[in-house]
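Novice: Take this structure first; my questions come after.
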Amino acid sequence: MKGGSKAVVVPHKHDGVFISKSKEDALCTRNMVPGESVYGEKRVSVPGPCFVMRMEQRLNTGFGTLSGPSWQLLCLGGVDNNIWIGAASGTTVSHVSDIVGPEGLVYAVEFSHRSGRDLVNMAKKRTNVIPIIEDARHPARVPDVGWHG
(Lines give C-alpha, C1' and ligand atoms only; values in the text may rest on other atoms or scores of the structure.)
Protein backbone atom coordinates (compact mmCIF):
# COMPACT_ATOMS: atom_id res chain seq x y z
CA MET A 1 0.00 0.00 0.00
CA LYS A 2 1.43 3.36 -1.00
CA GLY A 3 0.99 6.64 0.81
CA GLY A 4 1.09 5.18 4.34
CA SER A 5 2.52 8.37 5.82
CA LYS A 6 -0.40 10.37 4.36
CA ALA A 7 -3.10 7.88 5.34
CA VAL A 8 -6.14 9.01 7.27
CA VAL A 9 -7.87 6.34 9.33
CA VAL A 10 -11.62 6.62 9.92
CA PRO A 11 -13.98 4.29 11.79
CA HIS A 12 -15.93 1.77 9.71
CA LYS A 13 -19.63 1.32 10.46
CA HIS A 14 -18.73 -1.83 12.42
CA ASP A 15 -17.02 -1.58 15.80
CA GLY A 16 -13.33 -2.50 15.81
CA VAL A 17 -12.91 -2.06 12.04
CA PHE A 18 -11.43 1.01 10.37
CA ILE A 19 -10.76 2.30 6.85
CA SER A 20 -7.33 3.62 5.97
CA LYS A 21 -7.90 6.26 3.31
CA SER A 22 -4.91 7.00 1.11
CA LYS A 23 -3.98 6.29 -2.50
CA GLU A 24 -5.42 2.82 -2.03
CA ASP A 25 -8.10 2.47 0.65
CA ALA A 26 -7.85 -0.58 2.90
CA LEU A 27 -9.71 -2.09 5.81
CA CYS A 28 -7.68 -2.19 9.00
CA THR A 29 -7.85 -3.03 12.68
CA ARG A 30 -6.25 -1.35 15.71
CA ASN A 31 -3.15 -3.36 16.53
CA MET A 32 -3.59 -5.03 19.91
CA VAL A 33 0.21 -5.50 20.05
CA PRO A 34 1.65 -2.20 18.77
CA GLY A 35 5.02 -2.53 17.10
CA GLU A 36 4.38 -6.16 16.14
CA SER A 37 3.48 -7.43 12.69
CA VAL A 38 1.84 -10.88 12.42
CA TYR A 39 2.32 -11.72 8.74
CA GLY A 40 4.29 -8.80 7.32
CA GLU A 41 1.23 -6.59 6.95
CA LYS A 42 1.68 -2.85 6.59
CA ARG A 43 0.97 -0.73 9.63
CA VAL A 44 0.23 2.97 10.03
CA SER A 45 0.49 5.12 13.12
CA VAL A 46 -2.35 7.60 13.58
CA PRO A 47 -3.14 10.22 16.22
CA GLY A 48 -4.89 8.87 19.28
CA PRO A 49 -7.49 10.47 21.55
CA CYS A 50 -4.95 12.98 22.86
CA PHE A 51 -2.10 14.75 21.08
CA VAL A 52 0.65 12.76 22.82
CA MET A 53 -0.81 9.31 22.19
CA ARG A 54 -0.61 7.49 18.84
CA MET A 55 -2.39 4.32 17.76
CA GLU A 56 -1.17 1.72 15.31
CA GLN A 57 -3.47 0.24 12.68
CA ARG A 58 -2.78 -3.03 10.82
CA LEU A 59 -3.81 -2.84 7.17
CA ASN A 60 -5.52 -5.67 5.37
CA THR A 61 -5.05 -5.62 1.61
CA GLY A 62 -7.05 -8.81 1.08
CA PHE A 63 -4.04 -10.85 -0.03
CA GLY A 64 -3.58 -13.98 2.06
CA THR A 65 -5.99 -13.02 4.79
CA LEU A 66 -9.46 -11.49 5.05
CA SER A 67 -11.50 -11.22 1.89
CA GLY A 68 -14.64 -9.08 1.60
CA PRO A 69 -17.06 -11.83 2.71
CA SER A 70 -14.84 -12.67 5.70
CA TRP A 71 -14.88 -9.04 6.84
CA GLN A 72 -18.65 -8.95 6.50
CA LEU A 73 -18.93 -12.06 8.64
CA LEU A 74 -16.60 -10.56 11.26
CA CYS A 75 -18.39 -7.23 11.31
CA LEU A 76 -21.76 -8.47 12.46
CA GLY A 77 -21.08 -6.52 15.64
CA GLY A 78 -21.34 -7.21 19.33
CA VAL A 79 -19.43 -10.50 19.17
CA ASP A 80 -16.97 -10.77 22.04
CA ASN A 81 -16.19 -14.49 21.74
CA ASN A 82 -15.46 -16.18 18.43
CA ILE A 83 -14.69 -19.68 17.23
CA TRP A 84 -12.47 -19.68 14.16
CA ILE A 85 -12.25 -23.13 12.57
CA GLY A 86 -9.44 -23.52 10.06
CA ALA A 87 -7.30 -20.92 11.79
CA ALA A 88 -4.12 -21.93 9.89
CA SER A 89 -1.18 -19.80 11.05
CA GLY A 90 -3.44 -17.10 12.46
CA THR A 91 -3.40 -14.23 9.96
CA THR A 92 -7.18 -13.76 9.96
CA VAL A 93 -7.42 -14.73 13.63
CA SER A 94 -5.00 -11.90 14.48
CA HIS A 95 -7.42 -9.36 12.96
CA VAL A 96 -10.33 -10.96 14.83
CA SER A 97 -8.18 -10.60 17.97
CA ASP A 98 -7.80 -6.87 17.24
CA ILE A 99 -11.55 -6.48 16.69
CA VAL A 100 -12.70 -8.19 19.90
CA GLY A 101 -9.90 -6.54 21.89
CA PRO A 102 -8.56 -7.55 25.28
CA GLU A 103 -12.06 -8.11 26.68
CA GLY A 104 -13.02 -10.72 24.04
CA LEU A 105 -11.77 -14.20 23.20
CA VAL A 106 -11.02 -16.02 19.97
CA TYR A 107 -10.93 -19.82 20.04
CA ALA A 108 -8.75 -20.73 17.04
CA VAL A 109 -9.03 -24.35 15.89
CA GLU A 110 -6.44 -25.75 13.48
CA PHE A 111 -5.66 -29.41 12.72
CA SER A 112 -2.26 -28.98 11.03
CA HIS A 113 0.57 -29.20 13.52
CA ARG A 114 2.84 -27.16 11.23
CA SER A 115 0.38 -24.25 10.93
CA GLY A 116 -0.55 -24.80 14.56
CA ARG A 117 3.01 -23.93 15.65
CA ASP A 118 2.70 -20.53 13.96
CA LEU A 119 -0.75 -20.08 15.49
CA VAL A 120 0.55 -20.87 18.99
CA ASN A 121 3.46 -18.44 18.53
CA MET A 122 1.09 -15.69 17.40
CA ALA A 123 -1.15 -16.37 20.42
CA LYS A 124 1.78 -15.89 22.82
CA LYS A 125 1.58 -12.14 22.18
CA ARG A 126 -2.20 -11.98 21.75
CA THR A 127 -3.55 -13.25 25.03
CA ASN A 128 -7.16 -13.17 23.83
CA VAL A 129 -6.45 -16.00 21.35
CA ILE A 130 -6.88 -19.59 22.58
CA PRO A 131 -5.19 -21.90 20.03
CA ILE A 132 -6.63 -25.42 19.80
CA ILE A 133 -4.65 -27.87 17.66
CA GLU A 134 -7.22 -30.51 16.82
CA ASP A 135 -9.34 -31.74 13.91
CA ALA A 136 -12.73 -29.99 14.04
CA ARG A 137 -14.22 -32.77 11.89
CA HIS A 138 -14.14 -34.79 15.10
CA PRO A 139 -15.92 -32.49 17.57
CA ALA A 140 -15.54 -34.94 20.46
CA ARG A 141 -11.75 -34.40 20.27
CA VAL A 142 -12.01 -30.61 20.50
CA PRO A 143 -11.85 -29.53 24.15
CA ASP A 144 -15.03 -28.10 25.61
CA VAL A 145 -14.05 -24.58 26.59
CA GLY A 146 -17.58 -23.39 27.31
CA TRP A 147 -18.33 -21.75 23.95
CA HIS A 148 -21.76 -23.33 23.49
CA GLY A 149 -23.35 -21.12 26.11
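The values are calculated or read from the model by the stated rules, or taken from the named source; none is laboratory data. Keep in mind it's a predicted model, so treat the numbers as computed, not measured. Note: ideal-geometry Cβ built from the backbone for every residue, glycine included; neighbour counts use all protein chains shown.
Novice: Being aliphatic (A, V, I, L, M) and surrounded by fewer than 17 Cβ atoms within 10 Å (Cβ to Cβ) is the filter; apply it to the stretch 69-104 and report the residue that is modelled with the highest pLDDT.
Specialist: Ranking the candidates gives Ile85 first.
Novice: Name the single residue, out of those in the stretch 117-142 being farther than 17 Å from Ser37 by Cα and under 16 Å from the mean Cα position of the chain (by Cα), that is surrounded by the fewest Cβ atoms within 10 Å (Cβ to Cβ).
Specialist: Ile130
Novice: Assess whether Val52 counts as being farther than 21 Å from Thr92 by Cα, modelled with pLDDT of 80 or more and loosely packed, with under 15 Cβ neighbours inside 10 Å.
Specialist: Criteria not met by Val52.
Novice: Which residues, taken from the stretch 116-146, are β-branched (Val, Ile, Thr) and not in a loop (DSSP other than H, G, I, E, B)?
Specialist: Matches in the stretch 116-146: Val120, Val129, Ile130, Ile132, Ile133.
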